[in-house]
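Participant: Next up is a structure, given as structure tokens.
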Amino acid sequence: MQKLLLLEDDISLIDGLTYSLKKNGFDVDVARTIKEAEKRIAKSSDFDILLFDVTLPDGNGFTLCEKLRESGNQVPIIFLTASDEETSVIRGLDCGGDDYITKPFRLGELCSRIRALLRRSNRKNEEGNILRSGDLTINLAEGKVFLGDKLAEFTGAEYRLLCLLLQNSGRVLTRGMILDKLWDGAGNFVDNNTLSVYIRRLREKLEKNPSRPEHLKTVRGFGYQWEE
């Protein structure tokens, strides 16, 4: 069940929204002030979506949205407000909101917008967990590497190095930069000689001709670069 926080101070609207959202399969938590909402968000990091009224007794939803985005919180936010003025809509979207619905609204429309936003958010999260380069695919969430449709085997250090290279595709990484990022399982730094071994192993597993690599290139005098 997807968890939702409703920030609204109108009791009659809270009752109707809570009833409808629960009937549509959402686990609903309610806050009536900015302060209450901040406490609930700080206490629970598993909200899937936030519904914010704009005008509240101790502030407005725009300010709270800005504060959340500045802190790195990217949970989808829909604003509920009686104002449909263009400046208000622009403010809501510019401060980090994902959607905006004006009162009065149909509960069915609200639920449809919530589901659409959640689908977009889930796709974005899934895509963020995937790295691709040609036939090579890395599923970061599962820690798996595929060549075509076949699972490829890598040691932990090889896997971390490969992820680092793909995450910086097209960028030259110096040996020093790579060494700063790579640790072995015991928490010790990887040294230059070991790094050279890892590079050779990756080429043997990934390149058609390891002696003439097409992707894991050496940039002489600097380090290495992954090319698509």
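Participant: What are the residues in the range 29-79 that are of a type outside the set (A, V, I, L, M, F, W, C), closer than 18 Å to R120 by Cβ and in contact (Cβ under 8 Å) with a residue 24 or more places away in the chain, if any?
Facilitator: Keep residues of the range 29-79 that are of a type outside the set (A, V, I, L, M, F, W, C), which gives 29, 32-33, 35-36, 38-40, 43-46, 48, 53, 55, 57-61, 63, 66-67, 69-74, 76.
Filter again for closer than 18 Å to R120 by Cβ, leaving 48, 69, 73-74, 76.
Once the filter is applied, which keeps residues that are of a type outside the set (A, V, I, L, M, F, W, C), closer than 18 Å to R120 by Cβ and in contact (Cβ under 8 Å) with a residue 24 or more places away in the chain, the range 29-79 yields D48, R69, N73, P76.
Participant: Please determine, by comparing only the residues of the range 1-37 that are within 21 Å of the chain's Cα centre (by Cα) and at pLDDT 90 or above, which one is most open to solvent (accessible area, probe 1.4 Å). Step through it out loud before you land on a result.
Facilitator: Taking the range 1-37 first, the residues within 21 Å of the chain's Cα centre (by Cα) are 1-5.
Then keep just the ones that are at pLDDT 90 or above; that gives 3-5.
Values: K3: 46, L4: 0, L5: 0 Å².
Per the criteria, the residue is K3.
Participant: Which of the following residues is open to solvent by 90 Å² or more (accessible area, probe 1.4 Å) and under 20 Å from W226 (Cα atoms): R119, R91, R132? Walk me through it before giving the result.
Facilitator: Working: R119 fails: under 20 Å from W226 (Cα atoms); R91 fails: under 20 Å from W226 (Cα atoms).
Of the residues listed, the single one that is open to solvent by 90 Å² or more (accessible area, probe 1.4 Å) and under 20 Å from W226 (Cα atoms) is R132.
Participant: Here's a follow-up. Looking at the range 86-185, what helices (runs of 4 or more DSSP H) fall wholly within it and have at least 2 residues that are of a type in the set (S, T, N, Q)? I'd like the intermediate steps shown before the answer.
Facilitator: Numbers: elements: 86-94, 107-128, 156-167, 175-181.
Because the criterion is at least 2 residues that are of a type in the set (S, T, N, Q), the helices (runs of 4 or more DSSP H) in the range 86-185 that meet it are 86-94, 107-128.
Participant: If you take the residues of the range 179-219 that are open to solvent by 80 Å² or more (accessible area, probe 1.4 Å) and either among the aromatic types (F, W, Y) or closer than 18 Å to N168 by Cα (or both), which of them is modelled with the highest pLDDT?
Facilitator: Per the criteria, the residue is E214.
Participant: Another question, if that's okay. Go over the candidates S83, S133, S88 one by one and state the one that is out of contact with any Cys (no Cβ under 8 Å at 6 or more places or on another chain) and in contact (Cβ under 8 Å) with a residue 60 or more places away in the chain.
Facilitator: Numbers: S83 fails: in contact (Cβ under 8 Å) with a residue 60 or more places away in the chain; S88 fails: in contact (Cβ under 8 Å) with a residue 60 or more places away in the chain.
When all the criteria are applied, what remains is S133.
Participant: May I ask you to verify whether R69 is open to solvent by 50 Å² or more (accessible area, probe 1.4 Å) and at negative phi?
Facilitator: Values: open to solvent by 50 Å² or more (accessible area, probe 1.4 Å): no; at negative phi: yes.
No.
Participant: Would you confirm, using the coordinates I've provided, whether D53 is buried (at least 18 other Cβ atoms within 10 Å of the Cβ) and among the acidic types (D, E)? Spell out how you get there, then give the answer.
Facilitator: Details: buried (at least 18 other Cβ atoms within 10 Å of the Cβ): yes; among the acidic types (D, E): yes.
Here the answer is yes, as D53 does meet what is asked.
Participant: Related question: Could you give every pair whose Cβ atoms fall below 9 Å, whose first residue belongs to the range 198-219 and is farther than 16 Å from S133 by Cβ, and whose second residue is hydrophobic (A, V, I, L, M, F, W, C) and open to solvent by 50 Å² or more (accessible area, probe 1.4 Å), counting only separations of at least 6 or pairs across chains?
Facilitator: V219/V172
Participant: Can you tell me how many residues within the range 69-79 are among the aliphatic types (A, V, I, L, M) and modelled with pLDDT under 90? Please lay out each step first, then the result.
Facilitator: The initial filter retains those residues of the range 69-79 that are among the aliphatic types (A, V, I, L, M), namely 75, 77-78.
Next, only the ones that are modelled with pLDDT under 90 stay: 75.
Number satisfying all stated conditions: 1.
The values are calculated or read from the model by the stated rules, or taken from the named source; none is laboratory data. What you see is a predicted model, and the numbers here were worked out from it, not measured in a lab. Neighbour counts run over all protein chains shown; Cβ positions are idealised from the backbone, glycine included. Heads up: the accessible areas ignore ligands, DNA and RNA and are worked out on the full protein's heavy atoms, side chains in. Shrake-Rupley method; radii C 1.70, N 1.55, O 1.52, S 1.80 Å.
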